[in-house]
Amino acid sequence: MAKERRGIEVSLAIAEAVGQADCDVIAAYPITPQTHIVEHLSEMVADGHLDAEFVPVESEHSAMSVCCGAAAVGARTFTSTSSQGLALMAEIFFIASAMRLPVVMALANRSLSAPLSIWNDHTDTMMVRDGGWIHVFVENGQEAYDHVFWAFRVAEDPAVRLPVAINIDGFILTHVIEPIEFEDDELIKRYIPEYKMEKALHPDNPVSMGCFGMPEIYTEAQMAREKALVGSYATCVKAWEEWAVLTGRRYHPVETYRAEDADYCIVTMGSLGETAMVAVDELREQGEKVGVIKIRLWRPFPFEDLYGVVDGKRVLIVLDRAISFGGPGGPVALELRSALYNRPQAPTVVNYVAGLASRDVTVEDFKAIILGGKAKAAAGDTAGFTLYGVRE
Amino acid sequence: MDKFSVYAARLVEKGEYFASGHRACQGCAEALAVRLVMKALGRDTIVAMATGCMEIVSSPLPTTAWEVPWIHVAFENASAVITGCESGMKAMMRKGKLPPKKINFVAMGGDGATADIGMGQLSGALERGHDFVYVCYDNEAYMNTGIQRSSATPWGASTTTSPAGKLSKGQRTQKKDLPKIAIAHNIPYVATACPSFPFDLMEKVKKAAAVEGPAYLHILSVCPTGWRIPSEEAIKYGRLAVNTCVFPLYECLYGKYRLTYRPNPILPVREYIEGQGRFRHLTPEDIEAIQERTTAEYEKLVKLSEEV
């Protein structure tokens, strides 16, 4: 059967994917730029295209709480939020992973207040970086669609049982119309068969969930979380491999573009990766030996994959889309500096922060950042970070 | 009801779903209330509980006092969590992923979890019309964290954050009327209860579970530790709260009020107030003010129940 390829808004494609995944419970509260996802889901439920309970909660805190309850009885559960919504649900976000509840979230990345901004950057997701979830970043509409299935596949795997956040740049990605290849329902069913949770809440087999821990047990509980998240790496990769076999579309924890023979690379996460690729093409024509490294799997952090692509490079220019105020740079640069610190002949890391609240990062900007970063590395000016394009 | 008490006791479920061995204080009427609620609900029940005394005393890892499926997520969200359980089960049963079964979905929280931090979530869950029972165990302060005032603490009560002092009579505000707030959501069933009146309590729990849609139960749960009374007097003070009309027992079924117990004679409020350490500082005038308010509130309730 020929695959259907159609032009569709990415938010709607995400909702269609949740429908194809035969989700049981969707709980969500409206917040820009996530709204089109949940609007379309509620339409699908209202029209009978999706047999699910759509719970229109009174806050994001409740959205995540409802998801926890639904996931605890073994239902396939989805939510979507952004920015302030994520901040409000943050308390329960951390608990969902600790309780090993496989909730899937489409996180339409948006800047945090204040000043109030509905536009895109990564300040919201970085706030919950340490929340114990699996975090994946997607770059275009097709990846967003594909990763809904991947997220359910990984989250519900008995070896994993963890919630998954799919990071999708707000507006830049959620609100654009892209050609997306839709898979048929049969293929999806094979990839994510009906989910049966072990030890779900049910009167026939009573269990207690969310008990409180004295200091004698808290440390061990944290170790269990760490092991679960680190251990999920293998399933993440396996699920991508299976997807590649079924669809021909291949994903990796860290991906590269023209990086093999590059001396230095620009490192990105999310939708800006495609602009970076165009900038790299143009710089290559000018003789610059530059490439792109894109981090797709943010948690669990893919150390070995990173080492595999950065070993031998001289400079990494990291483009961050959030600031760690008062700290030494953006969160991605911090992560890389720390991952590479004791590595022999580690590349120099130069950090730029750009694209806050959707401020455009054009091909020209990327070229300026890449060449600027190269010059900074040559001059030994590598401490801290540069807020690109800021008016002072 | 009292006339039939000897026989009624024989009808009570023998099974225990809130097991002994939990770590509640001596004389805790809240633990008793939980036990009675669970007896009335039976085994086919899923409980979502807010953070608080009952959660802490019943679930220190790796032990549990719960013989039914039980979940605790956080302080303010028991009502949202249980609506998630209900929605999940509903969808899965409809879709044939689970065999059909009648299950009681029950959220439980203290007065802090209900009247303060979880008010919005409770309101949302009631408004959305999920088929669940919310049980508020009201011991009139944040007892788990050390007797701090909540919006359900009565006027004049001295707590660790509304202490009586030279310039203070303790709690400065009147008790938030949670059952009335629940009734304002036009839900099928709302009732007050007290474990000092166990049959009345269990009957109400059964009604709450039987109606289709949300039900709200407000259970006065005497806390000897927080009220500063001897631990063997919790039942007595529950009776006094009801017999002085400080805490009237009533229900509101589909908008129709009914007093389920009319004290006769009505005892003076003084008898309820005087022995409690938390009210020790109140003057006879203060107690008179409480008496006047209590009488006025009770008369309003009598009127409402006569409108039927």
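Annotation note: of A:Glu255, A:Glu304, A:Glu260, the sole residue that is without any contact (Cβ under 8 Å) to a residue 60 or more places away in the chain and part of a loop (DSSP other than H, G, I, E, B) is A:Glu260.
Search the range B:70-88 for residues being within 16 Å of B:Gly129 (Cβ to Cβ) and without any contact (Cβ under 8 Å) to a residue 40 or more places away in the chain, and hand back the single one that is surrounded by the fewest Cβ atoms within 10 Å (Cβ to Cβ). Quick ask: steps written out before the conclusion?
Going residue by residue through the range B:70-88, those that are within 16 Å of B:Gly129 (Cβ to Cβ) are B:79-80, B:82-87.
Next, from what is left, pick out any that are without any contact (Cβ under 8 Å) to a residue 40 or more places away in the chain: B:84-85.
Numbers: B:Gly84: 38, B:Cys85: 31.
Only one residue tops the list, namely B:Cys85.
Looking at the range B:70-86 only, could you name the residues that are of a type in the set (A, V, I, L, M, F, W, C) and either under 19 Å from B:Leu41 (Cβ atoms) or at pLDDT below 95 (or both)? Those that are of a type in the set (A, V, I, L, M, F, W, C) and either under 19 Å from B:Leu41 (Cβ atoms) or at pLDDT below 95 (or both): B:Trp70, B:Ile71, B:Ala78, B:Val81, B:Ile82, B:Cys85. Looking across the range B:16-36 at every residue that is of a type outside the set (Asp, Glu) and in contact with a strand residue (DSSP E or B) (Cβ under 6 Å, 6 or more places away or on another chain), the one that is farthest from B:Ser59 (Cα to Cα) is identified as B:Ala33. Going by the conditions given, is A:Ile168 at pLDDT 95 or above, out of contact with any strand residue (DSSP E or B) (no Cβ under 7 Å at 6 or more places or on another chain) and within 12 Å of A:Ser271 (Cα to Cα)? No. The residues on offer are B:Tyr298, B:Tyr261, B:Tyr257, and the sole one that is touching an Asp or Glu at 6+ places or on another chain (Cβ under 9 Å), aromatic (Phe, Trp, Tyr) and not in a strand (DSSP E or B) is B:Tyr261.
Only one of the numbered conditions (1) in a loop (DSSP other than H, G, I, E, B); (2) of a type in the set (A, V, I, L, M); (3) over 22 Å from A:Arg110 (Cβ atoms) is violated by A:Val361, and that is (3).
Answer yes or no: is there a residue in the range B:31-44 that is within 13 Å of another protein chain (Cβ to nearest Cβ), under 19 Å from the mean Cα position of the chain (by Cα) and either without any contact (Cβ under 8 Å) to a residue 60 or more places away in the chain or on the phi < 0 side of the Ramachandran plot (or both). Spell out the reasoning first.
Within the range B:31-44, the subset within 13 Å of another protein chain (Cβ to nearest Cβ) is B:38, B:41-44.
Narrowing further to those that are under 19 Å from the mean Cα position of the chain (by Cα): B:38, B:41-42.
Filter again for either without any contact (Cβ under 8 Å) to a residue 60 or more places away in the chain or on the phi < 0 side of the Ramachandran plot (or both), leaving B:38, B:41.
Yes; the residues of the range B:31-44 include at least one that is within 13 Å of another protein chain (Cβ to nearest Cβ), under 19 Å from the mean Cα position of the chain (by Cα) and either without any contact (Cβ under 8 Å) to a residue 60 or more places away in the chain or on the phi < 0 side of the Ramachandran plot (or both).
Do you know which residues across the range A:271-295 are over 23 Å from the mean Cα position of the chain (by Cα) and part of a helix (DSSP H, G or I)? I'd like the intermediate steps shown before the answer.
From the range A:271-295, those over 23 Å from the mean Cα position of the chain (by Cα) are A:279-290; that's our starting set.
Scanning the range A:271-295 gives A:Ala279, A:Val280, A:Asp281, A:Glu282, A:Leu283, A:Arg284, A:Glu285.
Of everything listed in (1) modelled with pLDDT under 95; (2) within 22 Å of the chain's Cα centre (by Cα); (3) not aliphatic (A, V, I, L, M), the single unmet condition for B:Arg278 is (1).
Residues being within 27 Å of A:Glu60 (Cα to Cα), within 23 Å of the chain's Cα centre (by Cα), in contact (Cβ under 8 Å) with a residue 60 or more places away in the chain and in a strand (DSSP E or B) are entirely absent from the range A:179-199.
Taken together, the criteria exclude B:Ala113 from residues that are of a type outside the set (Lys, Arg), under 24 Å from B:Leu249 (Cβ atoms), assigned to a strand (DSSP E or B) and within 14 Å of another protein chain (Cβ to nearest Cβ). The criterion of at least 2 residues that are surrounded by fewer than 20 Cβ atoms within 10 Å (Cβ to Cβ) and modelled with pLDDT under 95 is met, among helices (runs of 4 or more DSSP H) falling completely within the range B:1-69, by B:5-11.
Taking (1) in contact (Cβ under 8 Å) with a residue 60 or more places away in the chain; (2) surrounded by 24 or more Cβ atoms within 10 Å (Cβ to Cβ); (3) not in a loop (DSSP other than H, G, I, E, B) in turn, A:Leu162 satisfies each apart from (3). Which members of the range A:352-376 meet the condition of being out of contact with any Leu (no Cβ under 9 Å at 6 or more places or on another chain) and under 13 Å from A:Leu316 (Cα atoms)? Selection gives A:Gly372, A:Lys374, A:Ala375, A:Lys376.
I want to confirm something. Restricting to the range A:188-202 and keeping residues that are within 7 Å of chain B (Cβ to nearest Cβ) and crowded, with 18+ Cβ neighbours inside 10 Å, which single residue is nearest to A:Gly248 (Cα to Cα)?
First pass over the range A:188-202, keeping only residues within 7 Å of chain B (Cβ to nearest Cβ): A:194, A:201-202.
Those still in the list that are crowded, with 18+ Cβ neighbours inside 10 Å too: A:201-202.
Numbers: A:Leu201: 38, A:His202: 40 Å.
Residue satisfying both the conditions and the ranking: A:Leu201.
Select, from B:Ser231, B:Ser221, B:Ser196, the only residue that is touching a residue at least 40 places away in the same chain (Cβ under 8 Å), touching a strand residue (DSSP E or B) at 6+ places or on another chain (Cβ under 6 Å) and small (Gly, Ala, Ser). Don't jump to the end; show me each part of the working.
Values: B:Ser231 fails: touching a strand residue (DSSP E or B) at 6+ places or on another chain (Cβ under 6 Å); B:Ser196 fails: touching a strand residue (DSSP E or B) at 6+ places or on another chain (Cβ under 6 Å).
None of the others qualify; the one that does is B:Ser221.
B:Glu67 meets all of the listed conditions (1) within 15 Å of A:Ser208 (Cβ to Cβ); (2) more than 7 Å from chain A (Cβ to nearest Cβ); (3) among the acidic types (Asp, Glu) but one, namely (2). Within the range B:4-30, take every residue that is farther than 21 Å from B:Asp138 by Cα and charged (D, E, K, R) and give me the one that is nearest to the other protein chains (Cβ to nearest Cβ). Here the residue is B:Glu16.
Scoring B:Phe247 on the criteria (1) touching a residue at least 60 places away in the same chain (Cβ under 8 Å); (2) within 18 Å of the chain's Cα centre (by Cα) leaves a single failure, condition (1). Flag set for A:Arg129, criterion: in a loop (DSSP other than H, G, I, E, B) and in contact with a strand residue (DSSP E or B) (Cβ under 9 Å, 6 or more places away or on another chain).
A residue that is more than 7 Å from chain A (Cβ to nearest Cβ), aliphatic (A, V, I, L, M) and under 21 Å from B:Ser150 (Cβ atoms) can be found somewhere in the range B:71-90.
The values are calculated or read from the model by the stated rules, or taken from the named source; none is laboratory data. Treat the numbers as computed from the prediction; the structure is a model and nothing was measured. Because the Cβ atoms are built from the backbone with ideal geometry, glycine has one as well, and the counts that use them run over all protein chains shown.
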